[in-house]
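The values are calculated or read from the model by the stated rules, or taken from the named source; none is laboratory data. Note that the structure is a prediction, hence the values are computed from the model and not measured. Reconstructed Cβ throughout: ideal geometry from the backbone, glycine too, with neighbour counts over all protein chains shown. Heavy atoms of the whole protein, side chains included, go into the accessibility calculation; ligands, DNA and RNA do not. Shrake-Rupley method; radii C 1.70, N 1.55, O 1.52, S 1.80 Å.
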Amino acid sequence: MLNEIRNILSVRICVSNIVRKNAPKIARSAAFLLVAACLSCLLFSCASTGFEGKGTLVGRVCDVNGNAVSGYRLSFAAGKKAVSGVNGVFAVNGMESGKFDMEGFGEGWSSVSEKIDFFDRRSVLVVQVESEADVCERISGALRFGDIDEAERLLSKIERGNKNSPLFLFYSELVEYKKLLSNGKTEKAQSVKKKLDKRIALFE
């Protein structure tokens, strides 16, 4: 028992000596961690509260594979608008800090409608969109599983900017045809099918 007490005391003395010898290093490390924590809090606070005045919102429109999408039209609060360039990049001047509604569309692409945060002038907004063909493929999948609601939701994603597209017109009629059949409206469904047959002939 006496030996155990001596061992505990010797360990405590050893630890005390180590702390005493390394006190300056420990103090410097603690000070560094304190400064780092303060800077992190400051940066987080700045990012959360935004900036004063106005700034330029910079962003890039790309597809699901990260490829640039040009000619994509975007609109923001207070009538601010932009069109993506050949590299997919766009810039909107005179934007205040805050949260904004953003809408966008482009021929051959899905539309977007979402809220964005602009609290940091250095941030780059990435807008990812799907091609019209990819969305139509997903519509086909939804119809195969009999999910008319999902097919209609997907169709609405490519309506803006593609209303006169042969692909959009075909799938809008296909969704209508499937919906009529599911509701037991056979005669109307057959009328729509005739239109579909004509469109299929155009694709061939």
Quiz prompt | Scan of region 178-195 for residues that are in contact with a helix residue (DSSP H, G or I) (Cβ under 7 Å, 6 or more places away or on another chain) and either of a type in the set (S, T, N, Q) or under 18 Å from A142 (Cα atoms) (or both), ordered by number | solution = K178, K179, L180, L181, S182
Quiz item: If you take the residues of region 99-115 that are open to solvent by less than 70 Å² (accessible area, probe 1.4 Å) and free of Cβ contacts under 8 Å to residues at least 40 places away in the same chain, which of them is farthest from the chain's Cα centre (by Cα)?
Solution: F100
Practice problem: May I ask you to say which residue of K178, K163 is surrounded by 16 or more Cβ atoms within 10 Å (Cβ to Cβ), free of Cβ contacts under 8 Å to residues at least 40 places away in the same chain and either within 30 Å of G55 (Cβ to Cβ) or among the basic types (K, R) (or both)? | Solution: K178
Self-check item: Residue in region 101-110 that is among the aromatic types (F, W, Y), closer than 11 Å to V69 by Cα and touching a helix residue (DSSP H, G or I) at 6+ places or on another chain (Cβ under 7 Å) present
Solution: yes
Practice problem: For R138, indicate whether it is without any contact (Cβ under 8 Å) to a residue 12 or more places away in the chain and either open to solvent by 20 Å² or more (accessible area, probe 1.4 Å) or touching a Cys at 6+ places or on another chain (Cβ under 7 Å) (or both). | Solution: no
Self-check item: Verdict on E173 being closer than 19 Å to L202 by Cα, more than 25 Å from the chain's Cα centre (by Cα) and either of a type outside the set (K, R) or open to solvent by 30 Å² or more (accessible area, probe 1.4 Å) (or both)
Solution: yes
Quiz prompt | Condition broken by V126, with the remaining ones in (1) closer than 22 Å to N65 by Cα; (2) part of a helix (DSSP H, G or I) satisfied | solution = (2)
Quiz item: In region 83-98, how many are open to solvent by 10 Å² or more (accessible area, probe 1.4 Å) and either in a loop (DSSP other than H, G, I, E, B) or under 21 Å from D63 (Cβ atoms) (or both)?
Solution: 7
